[in-house]
Amino acid sequence: MSDHDTAPRQRRGYFGLWAGMPRELVFLLIAMPIAWVGFSVVVGLISTGFGLLVLVVGVLFLTATFYVARGFGWTELRLLHWTGRPEIRSPWPPASSTPTFWRGAFGPFIDGHYWLYVLHVLVVAPIVSLFTFIVTVVWVSIGLGGATYWFWERWLPLDGQNVWTIEYVWEFVFAVPLTADPRQAEAVFFLVLGLIFLVTLPLITRGLTLIHQGVALGMLGPWRSQALEREVQQLSASRGAAVQAEDRSLRRLERDIHDGPQQRLVRLQMDLAAAERAIARDPEVAPQVLGEAREQAREALDELRALSRGFAPPILQDRGLAAGLASLAARSPVPVEEHLALPEDAQIPAEIERNAYFIAAELLTNAAKHASARAIGLHCSVRRAPVGGESWLDLWVIDDGAGGAMTLPGHGLSGLEERVRGLRGILRIDSPAGGPTTAGAHIPFVQQAAPAVPPEPEDAAAVS
């Protein structure tokens, strides 16, 4: 249900290569026709553009050349990602506004990425795809043909043939003439050769696909400076969202303290003053006033405890996220079914655990108060990212309520979205009218190194 599910899961080892081989094989077979179609279309647009340049309308054909090359480059990136390769982002950021006609018509002429895309379509893609296509077809043909040669060679007109491939190979390798039946020896030779080619086919398809990926990474992806600039912008936006979410949380906490415990403490102070006066004037009324004061103190304490759940609870600090989520589920007024798959060696940073606890508390509270839910499911797991050293914490809350939840400005889910975005995460809410509601947060984090434990001495003498 996350963005990473669009690509097939990466498996390790030789059998993992076989799992990705079918998609890679399809990609290598269709990349060549697509590349040569792109070459033909772009050459036609360039020729027409220069031919009509004197009529000015040729400029539009040249502009179309850039956009067509961009389309074929985008197709290459999508196909590579479909094979299971890490996604290569487009070098062009999402447009914040609709470009003007003049900017759309003449902007590509001064954009280096468009020229690289044109170079890719005209020169690089046809050559690379033709090479990988030939190697793929030859490898598959030898593998399948050799492995099945023993079956279909009986229908070949081989009577009277005096030239056998196995004889030349045998003499070249062993430097002695072949004494066995050349027809049977050649069937065995082609069988072994075909099996070798079939066994190595996943290695070949992976290597040829990596060639396409390397070319796309160098010509179709963003430059390193652009990637750094985009990362800085994302970090700035995340930091701003985190600051806004924290400020909103502090203001809400201040308002709740003012409206709740503070008013009860003022009432408690007044009741104690009345009790002091009643002891001197009417001792029989004093116990009743003290009882009311005790009730005000108890209610103020309960409200302070409820507000303190906005901070990291002791169970989260002492026993970890799984125990904290279990305590949230136990306190929920609606029955919660837990599915917590948190490995003990996950080494989740404390700030991620704390924020995940708050997010789960907010989602469970919304499901209980606003969704009229009768049952809630709480799911939490950790998975490794396909690339890089990061991991993802996946937190889902699913209820059977009325649905219709959405992130409106100024509401709780909007603040929750800002909190998740401040962690560089993703908040997803699927809540059709009538339910059910599925709300989940995907939060990236880098696993902390386990603290080093000093070795224990072997005996008491070692200590001294």
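Picking from residues in segment 336-352 that are surrounded by fewer than 12 Cβ atoms within 10 Å (Cβ to Cβ) and under 16 Å from Leu316 (Cβ atoms), the one that is modelled with the lowest pLDDT is Glu344. If I filter segment 11-46 down to residues being charged (D, E, K, R) and surrounded by 14 or more Cβ atoms within 10 Å (Cβ to Cβ), which single residue comes out as farthest from Val121 (Cα to Cα)? My answer is Arg23. On the stretch given as segment 425-446, residues that are part of a strand (DSSP E or B) and touching a residue at least 12 places away in the same chain (Cβ under 8 Å) total 14.
Taking the listed residues Val188, Val199, Val215, the one that is open to solvent by 50 Å² or more (accessible area, probe 1.4 Å) and modelled with pLDDT of 90 or more is Val199, with no other qualifying. Among residues of segment 317-344 that are farther than 18 Å from Ala367 by Cβ, those with a Cβ under 6 angstrom from a residue that is of a type outside the set (A, V, I, L, M), sequence gap 6+ or separate chain, pair up as Leu321/Glu353; Ala341/Ser381.
Does Leu52 satisfy the criteria of being open to solvent by less than 60 Å² (accessible area, probe 1.4 Å), of a type outside the set (Gly, Ala, Ser) and under 15 Å from Thr136 (Cα atoms)? Taking the combined requirement at face value, the residue does not satisfy it. Within this structure, Leu393 passes the test of being at pLDDT 85 or above and under 26 Å from Arg319 (Cβ atoms). All of Leu130, Leu195 fail the test of being part of a helix (DSSP H, G or I) and closer than 30 Å to Val43 by Cα, apart from Leu130. The single condition among (1) basic (Lys, Arg); (2) out of contact with any helix residue (DSSP H, G or I) (no Cβ under 6 Å at 6 or more places or on another chain); (3) within 30 Å of Arg78 (Cβ to Cβ) that Arg206 does not satisfy is (2).
The values are calculated or read from the model by the stated rules, or taken from the named source; none is laboratory data. Here the structure is a predicted model, which means the values were calculated and not measured. Please note: Cβ atoms are built from the backbone with ideal geometry, for glycine as well, and neighbour counts cover all protein chains shown. Accessible surface is based on the protein model in full, side chains and every heavy atom, while ligands, DNA and RNA are left aside. Shrake-Rupley method; radii C 1.70, N 1.55, O 1.52, S 1.80 Å.
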